[in-house]
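What follows is calculated from the coordinates using simple rules that are stated; it is not laboratory data. Given the structure is predicted, the values throughout are model-derived calculations rather than measurements. We place every Cβ from the backbone using ideal geometry, glycine too, and count neighbours over all the protein chains shown.
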Amino acid sequence: QVELVESGGGLVQAGEALRLSCEASGSIFRIDGMAWYRQAPGKQRELVAAILSGGSTNYADSVKGRFTISRDNAKNTVYLQMNSLKPEDTAVYYCNALVQTTIGTFARNYWGKGTLVTVSS
């Protein structure tokens with residue numbers, strides 16, 4: 001089927017930057033939207049940023065101006081550049097992709113297993 005693998009998480013201090021990557025592999029005909037979500041301890045999963053195949057983007061208010069989502073369609077990869085990180089950005093970050101596996105079928109949502117980002121104060 002389809003597998004999403006995230007990388008780039010880690011421990012940083014407040015004010016520093018990290019870049020997350022997520023590569024999709026497997027039976028892929030087309031990827032429509034790709035997105036990053038995050039889930040902090042004790043909280044619900046929330047959308048951080050999303051990007052459509054044409055390049056249009058949207059961001060959560062809490063990360064606007066600090067995070068940038070981008071994608072390389074040739075590599076089936078989405079990135080999240082996170083600058084000026086804050087302790088409240090600490091969470092497990094999940095990659096999400098809306099994937100059409102074969103022509104003529106409906107696209108389905110796929111999730112990665114997540115990568116932990118910890119921001120110390």
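Distance in nm between label sites at Leu47 and Ala107, each 7 Å beyond Cα in the beta-carbon direction?
Using points 7 Å along Cα→Cβ, the separation is 1.2 nm.
Find the relative contact order for segment 63-107 and round it to a whole percent, using C-alpha pairs within less than 8 Å whose residues are 6+ positions apart.
Working: 27 pairs, mean separation 11.1, N = 45.
Once divided by the residue count of segment 63-107, the mean separation gives 25 percent.
Only sites in a loop by DSSP and with at most 13 other Cβ atoms within 10 Å count here; which trypsin sites (Lys or Arg not before Pro) in segment 1-84 make the cut? Mind dumping the intermediate values first?
Details: sites: Arg19, Arg30, Arg38, Lys43, Arg45, Lys64, Arg66, Arg71, Lys75; in loops: Lys43, Arg45, Lys64, Arg66.
Within segment 1-84, the qualifying trypsin sites (Lys or Arg not before Pro) (loop, at most 13 other Cβ atoms within 10 Å) are Lys43, Lys64.
Between Ser56 and Glu88, what is the label-to-label distance in nm when each label sits 7 Å out along the Cα-to-Cβ direction?
Between Ser56 and Glu88, the simple spin-label model gives 2.9 nm.
Pairs of Cα atoms under 8 Å, at least six residues apart: use those to get the relative contact order of segment 1-86, whole percent.
Values: 154 pairs, mean separation 27.8, N = 86.
Relative contact order here is 32 percent.
Could you pull out the chymotrypsin sites (Phe, Trp or Tyr not before Pro) across segment 9-90 that fall in loop regions by DSSP (anything but H, G, I, E, B) with no more than 13 other Cβ atoms inside 10 Å? All intermediate terms of the calculation are to be shown ahead of the outcome.
Numbers: sites: Phe29, Trp36, Tyr37, Tyr59, Phe67, Tyr79; in loops: Phe29.
Those that pass, being in a loop and sparsely packed, are Phe29.
7 Å from Cα along Cα→Cβ at both Leu116 and Ala14: what's the point-to-point distance in nm?
In this crude label model, Leu116 to Ala14 measures out at 2.1 nm.
Students often forget the sequence filter, so: which lysines lie under 25 Å Cα-Cα from Lys75 once same-chain residues fewer than 8 apart are removed?
Within the straight-line limit of under 25 Å, Lys75 reaches these lysines: Lys113.
At 0.36 nm per residue, and after removing the present C-alpha to C-alpha distance, how many nm does the segment from Ser70 to Ser21 gain when stretched out fully?
Values: separation 49, 0.36 × 49 = 17.64 nm, distance 0.97 nm.
My answer for the length gained is 16.7 nm.
How large is the charge dipole for the chain, taken about the Cα centre, if only the Cβ atoms of Lys, Arg (+1) and Asp, Glu (-1) carry charge, to the nearest 20 debye? If you can, show how the numbers build up before the last one.
On the way: 12 positive and 10 negative charges, 20 e Å.
Magnitude of the dipole: close to 100 debye.
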